[in-house]
1. What number of residues within the range 172-183 satisfy the criterion of being loosely packed, with under 15 Cβ neighbours inside 10 Å and touching a residue at least 24 places away in the same chain (Cβ under 8 Å)?
2. Can you name the number of the only condition in (1) in a helix (DSSP H, G or I); (2) of a type in the set (Ser, Thr, Tyr); (3) modelled with pLDDT under 75 that Thr335 fails?
3. Only one residue in Leu299, Leu321 is more than 19 Å from the chain's Cα centre (by Cα) and in a loop (DSSP other than H, G, I, E, B), so which one is that?
4. If you go through the range 87-110, how many residues are free of Cβ contacts under 8 Å to residues at least 40 places away in the same chain, within 27 Å of Asp156 (Cα to Cα) and within 15 Å of ligand 1 (Cβ to nearest atom)?
5. Quick one: count up the residues across the range 144-159 that are assigned to a helix (DSSP H, G or I), away from ligand 1 (no atom under 12 Å from the Cβ) and either of a type outside the set (A, V, I, L, M) or surrounded by fewer than 17 Cβ atoms within 10 Å (Cβ to Cβ) (or both).
6. Could you identify the single residue in His224, His216 that is surrounded by fewer than 16 Cβ atoms within 10 Å (Cβ to Cβ), at negative phi and within 11 Å of ligand 1 (Cβ to nearest atom)?
7. For the range 55-75, indicate whether the set of residues that are within 16 Å of ligand 2 (Cβ to nearest atom), under 21 Å from the mean Cα position of the chain (by Cα) and under 26 Å from Asn188 (Cα atoms) is non-empty.
8. Residues that are closer than 18 Å to Ser314 by Cα, modelled with pLDDT of 95 or more and more than 16 Å from ligand 1 (Cβ to nearest atom): does the range 11-20 have at least one?
Amino acid sequence: MSRIPREVQLGRRLLGHWAKRADDARIDVIKLKLFITKRCNLDCVHCGIGGAGFDGADELSSAEVLALWAANPRLQMLSLSGGEPFLRDDLCEVALAAARLPKLMALSVNTNGWYSDAVLDLARRVGPAMGRAKLYLAISSDGPPEAHARVRRSEDSWARKEDTLARLRAAAIPNVVIRHNVNVNRWNLDEVVPYIEANEARGEACFVSMYSASRHYSHGAGHHRELRAFREELSQQQALLRRLQDRPGFLPNRFLVLAEDFYETVEREQPVPCFSLRASLIVEHDGMVRPCINFPVDLGRVQEHGFDLEAIASGPKANTLRETIREERCPICWTPNEAFVTMMCNLPNPDVWKDPRQALVRLGRLKG
Ligand SMILES: C[S@@+](CC[C@H](N)C(=O)[O-])C[C@H]1O[C@@H](n2cnc3c(N)ncnc32)[C@H](O)[C@@H]1O
Ligand code: SF4
């Protein structure tokens, strides 16, 4: 009998039904992940961005980021990542402007937690401006101290991010939600699951991602070799995956059950249909639009298209790519892509369920 729970099977069928419809009128970009910088103060072992030596010369300017918000008022979920976003001096300014997007429900900022003062300053200024929406501060946590230092390749990284977390907890700022972003990889595999369980036992949510290799992370052949070895190791770690999926909580953990199938099978299929270029996409630091981090094909820079994401997602190249995704000829990830995971991860947010219509809009089943 399949171990995939009934609600996940049902969700998979419903999403499949919607995603397979050849109806490009349904393009409705509600989720954007903007890599606002590729500069970074660390050089983590699982990520090639820090070691790539970006200098920020080709980053979108503040005015261009503000133009991006202005041209896309339908955005409901916005994630600012990098690189280390807190290296941008204007982060607070652009986050405050994002908080004013009329339909925004969730703004998340990813950080390694190094710059405690800047994180606190942003939380204090942007949190209260969020209105009905929430500000998620997603702090990377890669396991207990030794595992974290191993992954982050920095002895100080643990103490710095713990200090940031402690200050955020103590400040208890309205609309600010603290969240641990935990990447499961070869360098923390032995320690990471008990660490996640301990955090959640204390009431702090962990959003789990799995190691991937991609041009987005400036990865080279070495990282792709690591990925093959990681997949091999995970396929032997069913008990570990089951502990992840059996954690208390709603959809995100339940969907981890799909990872089991995914890592066991050589001829992989998309676990659930992917919404990239329909409901979500990513914008790189230089304005380049791509479907997701795992399928880094260039669709043109926002600056060349009046910053209008839906115009880019409706263009001829995007139409072809959407077909490629529908036919599962993209790289395929264990959940359709990171953006989809983020959407699913927002579903347990009680604010979404206060308004079921909004929840359906977020799932792309209704027009806003
Ligand atoms: C690229 S970082 C950018 C934000 C910030 N610098 C940080 O470390 O949180 C965003 C997230 O991607 C994760 N990440 C890095 N390399 C990865 C990889 N190869 N596969 C999957 N996730 C990765 C990090 O652990 C982090 O949680
Ligand atoms: S994971 Fe974050 S902190 Fe580490 S190198 Fe990548 S961008 Fe920098």
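The values are calculated or read from the model by the stated rules, or taken from the named source; none is laboratory data. Note that the coordinates shown come from a computational prediction; the quantities given were computed from them, not determined experimentally. No Cβ is skipped: glycine too gets one built from the backbone with ideal geometry, and neighbour counts run over all protein chains shown.
1. Of the residues in the range 172-183, 1 are loosely packed, with under 15 Cβ neighbours inside 10 Å and touching a residue at least 24 places away in the same chain (Cβ under 8 Å).
2. So Thr335 meets the others, but not (1).
3. Leu299
4. The qualifying residues number 1.
5. Residues that pass the stated criteria total 5.
6. One residue alone meets the criteria, His224.
7. no
8. no
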